[in-house]
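In what follows, a single structure is set out as structure tokens and then discussed.
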Amino acid sequence: MRVFLSPPLSPVARKRLAVVLPLAFAIAFLAARFLPGALSTAPDRADAVAVGKQLERVRVVQSRPTVTGYKRELFGVWAGPADCNTRRLVLVAWFGGSRCTLADDRSIADPYTGDGVVSHEVDIDHVYPLAAAWDFGAYAWDSARRREFGNDAETNLVPTLSSVNRDKGDATPGEWMPDKTARCTYAARYLTVALKWDLAVTESDWEALAAACGIEKK
């Protein structure tokens, strides 16, 4: 068996290595911590497994119907007093703080882009859009159920940059998806809401959600 040994490093080389290696590790750590997707664009395995199971259970329809009469107000969004309503509670949950008191200018990674954002830059997005929910069955719900859906902070509300939220509008996954590194997590969120509220996805939605996690249609 042949063994290859590297020649010993000179004192100067050892000093340089002592400086370079910690710096390299620090840069790698910061990239992983603050630049989501900087080191990997592969879907999160846990999300991909969850989405695979969710796709087997979600109700699928050919296309999205159009049901007249939709108004955002019918969902009673941002229930509660202005200084402690649902929107405020979502901001506190994501940006930190206590109860209804928001932490000062803390930056987080936007769940749709990975870019750093602070609370005054964001809108609160309904992952499964209100208008889409209306078309897929919420038009027939009573006002209490619609209000509960509109304020579902546990599963259906996330902060994102205002321009991103407006770009998405009421589009479903077959029409809009976030940045590539965020798509599988988004798919898991979207399907969680669909299953929780017994809302359908279209065939094109299903395909987009599967593709987001690298799942091939059988």
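The values are calculated or read from the model by the stated rules, or taken from the named source; none is laboratory data. A quick note: this is a predicted structure, and the numbers were derived from the prediction, not measured. As a convention, Cβ positions derive from the backbone with ideal geometry for all residues, glycine included, and neighbour counts pool all protein chains shown. Side chains included, ligands, DNA and RNA excluded: accessible areas come from the protein's heavy atoms. Shrake-Rupley method; radii C 1.70, N 1.55, O 1.52, S 1.80 Å.
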**Prompt:** Within the range 193-212, which residues are within 21 Å of Gly114 (Cα to Cα) and open to solvent by 10 Å² or more (accessible area, probe 1.4 Å)?
**Reply:** Ala208, Ala211, Ala212
**Item:** Per-region count, the range 152-175, residues part of a loop (DSSP other than H, G, I, E, B), in contact with a helix residue (DSSP H, G or I) (Cβ under 7 Å, 6 or more places away or on another chain) and open to solvent by less than 30 Å² (accessible area, probe 1.4 Å)
**Value:** 4
**Asked** Can you name the number of the only condition in (1) farther than 25 Å from Ala144 by Cβ; (2) of a type in the set (A, V, I, L, M); (3) assigned to a loop (DSSP other than H, G, I, E, B) that Val77 fails?
**Response** (1)
**Asked** Does Ala153 meet the test of being more than 25 Å from Val92 (Cα to Cα), modelled with pLDDT of 95 or more, aliphatic (A, V, I, L, M) and over 12 Å from the mean Cα position of the chain (by Cα)?
**Response** no
**Residue satisfying condition, being open to solvent by less than 70 Å² (accessible area, probe 1.4 Å), modelled with pLDDT of 80 or more and either over 30 Å from Gly114 (Cβ atoms) or small (Gly, Ala, Ser) (or both), within set Gly37, Gly80** = Gly80
**Fill in**
When restricted to Arg146, Arg166, Arg99, the only residue of a type in the set (Lys, Arg), over 20 Å from Thr202 (Cα atoms) and in contact (Cβ under 8 Å) with a residue 60 or more places away in the chain is Arg146
**Complete:** Selection over the range 83-130 where residues are open to solvent by less than 10 Å² (accessible area, probe 1.4 Å) and assigned to a loop (DSSP other than H, G, I, E, B) yields a count of 5
**Complete:** Checked the range 41-93 for anything closer than 19 Å to Ser204 by Cα and among the basic types (Lys, Arg); matches are Lys53, Arg57, Arg59, Arg64
**Prompt:** Is at least one residue of the range 162-179 touching a Gly at 6+ places or on another chain (Cβ under 8 Å) and under 22 Å from Ala109 (Cα atoms)?
**Reply:** yes
**Item:** Single residue of the range 136-150 satisfying the filter (part of a helix (DSSP H, G or I) and among the small types (Gly, Ala, Ser)) that is nearest to Ala188 (Cα to Cα)
**Value:** Gly150
**Contacts under 9 angstrom Cβ, first residue in the range 59-70 being aromatic (Phe, Trp, Tyr), partner open to solvent by 70 Å² or more (accessible area, probe 1.4 Å), 6 or more apart** = Tyr70/Tyr139; Tyr70/Asp170
**Item:** Sole residue being within 23 Å of Ala46 (Cα to Cα), in contact with a Lys or Arg (Cβ under 6 Å, 6 or more places away or on another chain) and not aromatic (Phe, Trp, Tyr), chosen from Ala212, Ala208, Ala194
**Value:** Ala212
**Message:** Is it the case, given these coordinates, that Ala133 is crowded, with 20+ Cβ neighbours inside 10 Å, in contact (Cβ under 8 Å) with a residue 40 or more places away in the chain and either in contact with a Ser or Thr (Cβ under 8 Å, 6 or more places away or on another chain) or not in a loop (DSSP other than H, G, I, E, B) (or both)?
**Reply:** yes
